[in-house]
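S.K.: Dropping a structure here in structure tokens format, bear with me for questions.
No value in this document is a laboratory result; all are computed from the given coordinates. Every value quoted in this text rests on a predicted model; they were computed, and no experiment measured them. Note that we place each Cβ from the backbone using ideal geometry, even for glycine, and neighbour counts take in every protein chain shown.
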């Protein structure tokens, strides 16, 4: 009999290598620090809802006390520990604020979980599109006036959901958007999954959290940028525009019925650490990060996304912890640069696009890690040639999430009789599937959208770049299911 795979052993072996993580989770495997060193053997605290340990689905004891304490730290009216990731909070917020079959305004660059929420509640959706930072080929922020215009033109909208910061660290003007949304007497939901560190770094050069800017529901992935276990998240709520009773109900539905006490303790442990030793580490992190960004900004061929980028693109602020390096003016693609960093320098990035890489840094990064990244990028920069005009122009053709007609809702399209068609033959057909590059998991196509020639070419371009295309039943991404004629 063949030996079964041994994931635990593989993880253990990898953990002993010199591969450095410029990716999630935010603890960067630095368990020797106090937040990890004092954490007990997980098996010893892996309990169920026994006497004295409360119940997450009806918290009246220690879990309620812990979440109330967290709420006082963040300045919310209610905070929920989430052990099913930020996706659980996003689904709960959508279900609690928009009636079944109602209409929601969504920024088109949201994570796939938002679109899953739209499907599950069979919602009508209106989109607001982010601007683009063409020089980097990444999505920018939202213009508040554009949100206002959409709300004026669509009075049926019951809630607004936007992502800030984006995967690339771009922050929109949440305070202004919140005021606009509240003028229409509806709630603003902010997917702040990548901004869990904001509340602890606002005095050290990091953006202000959406919960302090007037948003009604804010969901943060603790594991992305803070020292917490993968899958841990938190949802903050301000009362007034949100029915807390409904939110409670749906949060219970989307959370597992057997929540892990290891993860719950990890959430509390993370917040406790951040209110103490973590605050000083954020200050140190800010100083080290400024030095890193200064060194990377001096590269000759690669370009670092900086706060000095034109604010008219919709950038209200930029999270400096996201390191976005453009390869647009070089002979390398983003995928090629990421592969070189991995194979030759043992530096693992979070993700790449066709012409950029993304490195996630956190307060748990080390000086050695930063020095290795600078040294690697400097050496690659010296060897890299400047791109020819044809390559630069070809990249400029593939920039943004294209605006598409949506004759069917996501739910309607997924219930239609469908047919399997070669990707090249799907132009002007209605998709019944999602198509996205993962990470970051932002749909290029959603069910119900008409596939334009531009969108099909975009998917083919990403395939050629060897990016990870997901969402389609065909794992080769050669075929797509569309509505049968």
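S.K.: Only one of the listed values, (i) 26.2; (ii) 24.2; (iii) 23.5, was derived from the coordinates as Kirkwood radius over Cα pairs in Å; which label is it?
M.R.: Only one option fits the structure, namely (iii).
S.K.: Output needed for the range 410-483: three equivalent-ellipsoid semi-axes, defined as square roots of 5 times the C-alpha gyration tensor eigenvalues, in descending order, whole Å.
M.R.: Semi-axis lengths for the range 410-483 are 18, 13, 11 Å.
S.K.: For the chain, what does -39500 (n - 2.57) per DSSP helix run (n ≥ 4), summed and divided by total residues, give at 222 nm, in deg cm²/dmol to the nearest 500?
M.R.: -11000 deg cm²/dmol
S.K.: How high is the relative contact order of the range 280-396, in percent, with contacts defined as C-alpha pairs under 8 Å that are six or more residues apart?
M.R.: Over the range 280-396, the number comes to 30 percent.
S.K.: Counting alpha carbon pairs within less than 8 Å and at least 6 residues apart, what relative contact order, in whole percent, applies to the chain?
M.R.: Relative contact order of the chain: 17 percent.
S.K.: Going 7 Å from the Cα of residue 279 along its beta-carbon direction, which residues of the range 181-210 have the amide nitrogen within less than 20 Å of the resulting point?
M.R.: The answer is 196-210, whose backbone nitrogens lie closer than 20 Å to the label point.
S.K.: Could you work out how far apart the two model spin labels at residue 10 and residue 403 are, taking each label as a point 7 Å from the Cα in the direction of the beta carbon, and quote it in nm?
M.R.: Once both label points are built, they end up 4.5 nm from each other.
S.K.: Test of understanding: ordering 174, 455 by Cβ neighbours within 10 Å, fewest first, what list do you get?
M.R.: The fewest-first ordering by Cβ neighbours comes to 455, 174.
S.K.: Would you order 116, 301 from fewest to most other beta-carbon atoms within 10 Å of each residue's own beta-carbon?
M.R.: 116, 301
S.K.: Pairwise over distinct Cα atoms, reciprocal of the mean inverse distance: report the Kirkwood radius of the range 146-281 in Å, one decimal place.
M.R.: Roughly 16.1 Å, rounded to one decimal.
S.K.: For each of 241, 74, count neighbouring Cβ atoms within 10 Å of the residue's Cβ, then give the residues from fewest to most.
M.R.: 74, 241
S.K.: Can you give me the C-alpha center-to-center distance between the range 122-201 and the range 306-382, rounded to a whole angstrom?
M.R.: Here the answer is 25 Å between Cα centres.
S.K.: Determine, from the Cβ-Cβ distance of residue 367 and residue 44 and an R0 of 41 Å, the FRET efficiency 1/(1 + (r/R0)^6), rounded to the nearest 0.05.
M.R.: So the FRET efficiency works out to roughly 0.75.
S.K.: On to the next question. In percent, what relative contact order does the range 410-483 have, based on Cα pairs under 8 Å that are 6 or more apart in sequence?
M.R.: Here the relative contact order equals 42 percent.
S.K.: With a Förster radius of 51 Å, plug the Cβ-Cβ distance of residue 150 and residue 2 into 1/(1 + (r/R0)^6) and report the FRET value to the nearest 0.05.
M.R.: 0.35
S.K.: Also: Place a label point 7 angstrom from the Cα of residue 135 along the Cα-to-Cβ direction, then list the residues of the range 339-368 whose backbone nitrogen is under 18 Å away.
M.R.: Once the point is set 7 Å along Cα→Cβ of residue 135, 355-358 turn out to lie under 18 Å by backbone N, inside the range 339-368.
S.K.: What is the calculated FRET efficiency for residue 344 to residue 470, with r their C-beta to C-beta distance and R₀ = 30 Å, to the nearest 0.05?
M.R.: Details: r = 27 Å, r/R0 = 0.91.
The computed FRET efficiency comes out at 0.65.
S.K.: A further question follows. With viscosity set to 0.692 mPa s and temperature to 37 °C, compute the Stokes-Einstein D of the range 42-275, Rh being the Kirkwood radius across alpha carbon pairs; µm²/s, no decimals.
M.R.: Diffusion coefficient, whole number: 183 µm²/s.
S.K.: Okay, moving on. Can you give the extra length, in nm with one decimal, that the chain gains between residue 158 and residue 64 once fully stretched, where that is 0.36 nm per residue apart less the Cα-Cα distance? Walk me through the intermediate numbers first.
M.R.: Numbers: separation 94, 0.36 × 94 = 33.84 nm, distance 2.98 nm.
Here the segment from residue 158 to residue 64 would lengthen by 30.9 nm.
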